[in-house]
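See structure below.
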């Protein structure tokens, strides 16, 4: 393993939040490789976008905000979002000379000597005075457990493994989840599948009209309050509702988006409710979201009794050297941009020896 290398700041993750942080470090006079380093576990630029299914074209993406300092222009709405945004992130890294190191897996962050942190990675150890943690959620898909799950004879997969609708041709598909991914999957799969069934834990809430700044601030405030209390964050999308697009309206009219309450158990050939109702299925597609990828921070014991990490802005309350960006209220593209700027502002103060605000 390489000898321990020293920098002022380590940025873990090169998605929207990580690149925004790196950009503001550059603007603040920090030099890549000398003062800071950006580590990314993915093989190429694009963050989680590079793993999106090919049928999710750029034109279907809602609320993609440009990275700070460089607009995304002239994008073909018919091209896969993974390609469009991946290429854009790559151009951005080159334009601002961010020198992202990849693929590098951050395995653990521990207490070091002299008030520094040790960041253990697949490419050696980094000693740093501050950490911008922007590791996202894509590597931690969440799939709930239900009785009978192990006995199901069909196929089970998560959104993270979804490659497109064609593979479901002639199949009876149950889609689980009330978020944007669930509705997108259903609308794509329905023309191919023999039958589709949509189940969610709670009735979906559809949002009509524009989502203005006031509504956005209110939604972010709800998520922010949870992380301030040390609770696991809910996604911003979970409190904003689903946009009532033309495609969604058509899906509702056609019955494709006829939501059923959550089933109670899985049988070998389908799903079943407590009242005895049964739906036969060949496939269960879990569009049940993701959890924050923070296991590498476990040695620092940052979690609160409520199960989350208490955060003020982006700063971890228990350890002001660590900033979580793309987490909780900043887990949106516009939120990630703002979080990168806020984290760097606080880190500059920390490195200058300024007192941390209570």
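What is the packing order of peptides 113-125, 11-23, taking the mean over residues of other C-beta atoms within 10 Å and listing the highest first? Write down the numbers at each step before the final one.
Details: 113-125: 15.5, 11-23: 29.7.
The most tightly packed comes first, giving 11-23, 113-125.
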Ranked packing of 66-73, 190-197, 348-355, most packed first, by mean Cβ within 10 Å: 190-197, 66-73, 348-355
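Rounded to the nearest 0.05, what FRET efficiency is calculated for residue 33 and residue 275 with R0 set to 51 Å and r the Cβ-Cβ distance? Could you put the intermediate results ahead of the total?
Values: r = 63 Å, r/R0 = 1.23.
The pair residue 33/residue 275 has a calculated efficiency of 0.20.
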field: On Cα atoms only, tilt of 81-95 relative to the major axis of the chain in degrees
entry: 10 degrees
statement: per DSSP, antiparallel bridges as share of beta bridges in the chain, % nearest 5, sits at 40 percent
message: Quick check: the distance between the Cα centres of the range 8-41 and the range 320-344, to the nearest angstrom?
response: 13 Å
statement: Candidates 280, 134, 331; GNM for the chain (alpha-carbon contacts under 10 Å) flags as most fluctuating 280
field: For the range 243-303 and the range 98-145, distance of Cα centres in Å
entry: 31 Å
- prompt: Is the range 41-174 rounded, prolate or oblate when judged by the Cα gyration tensor, a ≥ b ≥ c being the square roots of its eigenvalues, rounded requiring a/c under 1.5 and prolate requiring a/b larger than b/c?
  reply: oblate
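Shape of the range 1-85 from its Cα gyration tensor (a ≥ b ≥ c, root eigenvalues): rounded if a/c is under 1.5, otherwise prolate when a/b > b/c, or oblate? Please list the in-between numbers first.
Working: a/c = 3.70, a/b = 1.86, b/c = 1.98.
Judged from the Cα gyration tensor, the range 1-85 comes out oblate (a/c at least 1.5, b/c at or above a/b).
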query: With contacts defined as alpha carbon pairs under 8 Å and 6 or more residues apart, what's the relative contact order of the chain in percent?
result: 22 percent
task: Please give the helix 16-27 orientation as an angle from the longest Cα principal axis of the chain, in degrees from 0 to 90, rounded to the nearest 10.
output: 20 degrees
message: Please list, by residue number, everything in the range 327-353 whose backbone N is under 16 Å from a paramagnetic label point 7 Å out along Cα→Cβ of residue 6.
response: 351-352
statement: Distance in nm between residue 140 and residue 352 label points, each 7 Å along Cα→Cβ, equals 3.3 nm
- line: Across 44, 338, 274, the residue with the highest GNM fluctuation in the chain (Cα network, 10 Å cutoff) is 274
- request: Using only Cα atoms, tell me the angle between helix 213-228 and the longest principal axis of the chain; keep it within 0 to 90° and round to the nearest 10.
  value: 70 degrees
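Only the coordinates and a few stated rules stand behind these numbers; no lab work does. What you see is a predicted model; the values in this text were computed from it and never measured. Virtual Cβ from ideal backbone geometry, glycine too; neighbours counted across all protein chains shown.
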